[in-house]
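Here it is: the structure, laid out below.
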Amino acid sequence: MADTIDADGTGPFRFEYDPAVLRYGPGCVTDLDDELATQGFERALVVCGSTVGETPAVIDPVRDGLGDRLAGVFAETTPAKRLGTAYDALERFQSTGADAIVSLGGGSSLDVAKVLSVLVATDRDPEQVGAQFAETGTLTVPVEGLAPILAVPTTLAGADLSIGAGVTADPATCPVESPVGGGVSHRSLMPAAVFYDPDLLATTPRSVLTASAMNGFDKGIETLYAGTATPVTDATAMRGLTLFTEGLLAYGDGETDPSVYAALTKGIMLLQYGIARPDATTLSLVHAFGHGLTRTYEVQQGAAHAVVAPQVLEYVFANVDGRRRLLAEALGVGTADDPASAIVDRVEAVVAALDLPTRLRDVDGPAPEEFPKVTDAILGDSFMPNRPPALEPTRQDIEGILEAAW
């Protein structure tokens with residue numbers, strides 16, 4: 001197809017998307033057993049972190065929703081997302097006779113659940129799998145036999161409608177010589193169903209929600225300006241950003257009315273729809289910066305996004321249109337005379353409402369002398385090709401953004 005841009009700012013596209021079944025509503029996790037039965041599965045192992053597994057307000061509704069279809073609870077996931085943890089979960093999966101997985105919590109638990117799904121179908125011993133991972137940074141996804149996943153998110157990172165997962169390994173948990181990190185991606189790893197329950201979201205500590213929110217927020221922003229934007233994702237991202245922005249600003253002001261959690265839950269659901277597909281994604285510059293800052297340094301992903309998002313947007317708007325009119329409308333500032341400035345101001349208002357850091361020097365990240373190394377990582381990130389059309393970032397540009405964020 002010709003590389004042209006239509007009047008609406010999008011070019012030719014191929015949209016292949018096989019999403020999860022979406023279930024929304026206060027208390028919707030009570031229907032977990034019904035969804036398992038509908039999809040032909042018998043019993044599910046719940047995969048979550050220790051805090052979630054020990055919090056009755058979170059784990060009890062899921063236990064009750066599964067009823068007799070609960071095979072057991074594996075409450076050992078961590079933000080490190082170790083391959084060894086997935087192997088521990090595999091042992092529990094097999095010993096309980098489960099045939100499905102319920103991922104409960106944030107993106108780390110879902111990533112471990114996806115790796116577990118792959119291991120369930122993998123007919124190789126751990127040493128072979130570990131050796132492959134050490135060499136290639138990924139795992140082979142079998143054609144069949146994967147365990148289906150029903151995801152129950154309790155954060156706002158927006159990792160639920162995804163076909164990929166991050167994973168790490170170290171000598172203590174996997175037979176490799178040195179710590180390695182990588183990922184696995186396959187269309188078969190899209191969850192079979194996702195339960196968006198605002199009642200469960202309301203149980204999540206404020207610090208966890210605010211830390212995860214910018215990652216989800218920036219997914220919506222990037223979906224509109226990415227070179228891989230489509231009219232389909234325009235529609236879901238715009239409505240999702242409107243709901244999500246309103247919900248975040250209200251939540252930041254201390255409002256805890258059910259309508260706030262409803263807006264956040266619907267917003268994060270819509271922001272993700274169609275952005276992770278077998279042959280394309282709409283994640284772009286901000287996420288590339290996030291990877292460059294978090295994969296080497298002890299910076300929380302949401303904090304990294306909060307620090308760099310305004311600076312990245314200023315850079316984008318200084319060089320290309322960046323579909324600023326659409327973004328301004330979605331963010332509730334569509335009548336502004338200067339939409340670019342209004343968008344940046346709106347993003348900064350969300351960061352302030354969530355009480356997130358605004359300077360790179362205030363997080364445990366790189367010092368200025370390390371910016372060249374971070375720049376290499378950002379320019380080489382797999383999301384960089386999704387940058388807005390006609391934008392050609394240079395090393396000087398990337399380092400300038402980091403310096404502005406410092």
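The values are calculated or read from the model by the stated rules, or taken from the named source; none is laboratory data. A quick note: this is a predicted structure, and the numbers were derived from the prediction, not measured. When we count neighbours, we look across all protein chains shown, and the Cβ atoms used for this are built from the backbone with ideal geometry, even at glycine. Side chains included, ligands, DNA and RNA excluded: accessible areas come from the protein's heavy atoms. Shrake-Rupley method; radii C 1.70, N 1.55, O 1.52, S 1.80 Å.
Just want the answer: with Cβ charges of +1 for Lys and Arg and -1 for Asp and Glu, which residue in Leu110, Ala121, Gly84 is farthest toward the dipole's positive end in the stretch 83-126?
Result: Leu110, furthest along the dipole toward the positive end.
Still on this model: Scale the Cα Rg of the stretch 31-70 by the rule-of-thumb value 2.2 N^0.38 Å and send over the ratio, two decimals.
Against the empirical 2.2 N^0.38 Å value, I get 1.18 for the stretch 31-70.
Using a basic spin-label model with each label point 7 Å from the Cα along Cα→Cβ, how many nm lie between Arg187 and Tyr297?
Placing both labels 7 Å beyond Cα along the Cβ direction yields 3.9 nm.
In addition: For the stretch 337-345, just list the computed ³J(HN,Hα) in residue order, Karplus coefficients 6.51, -1.76 and 1.60, θ = phi - 60°, integers in Hz, with x standing in for Gly and Pro.
5, 10, x, 4, 5, 5, 5, 4, 4
Expressed as a rounded percentage, what relative contact order does the stretch 2-112 have, with Cα pairs under 8 Å and six or more residues apart?
30
Roughly to the nearest percent, how much of the accessible area of the chain is carbon and sulfur, given a 1.4 Å probe?
49
Still on this structure, I have one more. Express the Stokes-Einstein translational diffusion coefficient of the stretch 290-406 in µm² s⁻¹, to the nearest whole number, given a Kirkwood radius over alpha-carbon pairs, 4 °C and a viscosity of 1.567 mPa s. Mind dumping the intermediate values first?
Working: Rh = 14.8 Å.
D, rounded to a whole number, is 88 µm²/s.
Another question, then. Run through every distinct alpha carbon pair of the stretch 1-152 and return the Kirkwood hydrodynamic radius in angstroms, one decimal place. Show your work: numbers first, answer last.
Numbers: mean 1/r = 0.0589 Å⁻¹.
Evaluated over the stretch 1-152, this radius sits at 17.0 Å.
Excluding ligands, DNA and RNA, what is the solvent-accessible area per residue of the chain at a probe of 1.4 Å, expressed in Å²? Working shown, then result.
Values: 16410 Å² over 406 residues.
Solvent-accessible surface per residue comes out at 40 Å².
Can you give the Rg to Rh ratio for the chain, taking only C-alpha atoms and Rh from Kirkwood? Could the numbers behind the result be given before it?
Details: Rg = 20.6 Å, Rh = 21.6 Å.
The Rg/Rh ratio comes out at 0.96.
Using only the alpha carbons of the stretch 1-79, determine the length spanned along each of the three principal axes and report them from longest to shortest in whole angstroms.
Dimensions of the stretch 1-79 along the principal axes of its Cα atoms: 54, 32, 22 Å.
With all distinct Cα pairs included, what does the Kirkwood hydrodynamic radius of the stretch 195-306 come out to in Å, to one decimal, could you say? Don't skip to the end; give the middle numbers.
Details: mean 1/r = 0.0692 Å⁻¹.
One over the average 1/r among Cα pairs gives 14.5 Å for the stretch 195-306.
Quick one: how many Å² of Thr140 are accessible to a 1.4 Å probe, rounded to 10?
80
How much mean residue ellipticity at 222 nm does the chain get from its helices, if each DSSP H run of length 4 or more adds -39500 (n - 2.57) and you divide by all residues, to the nearest 500 deg cm²/dmol?
Details: 16 runs with 193 residues, N = 406.
So the helix-based figure for the chain works out to -15000 deg cm²/dmol.
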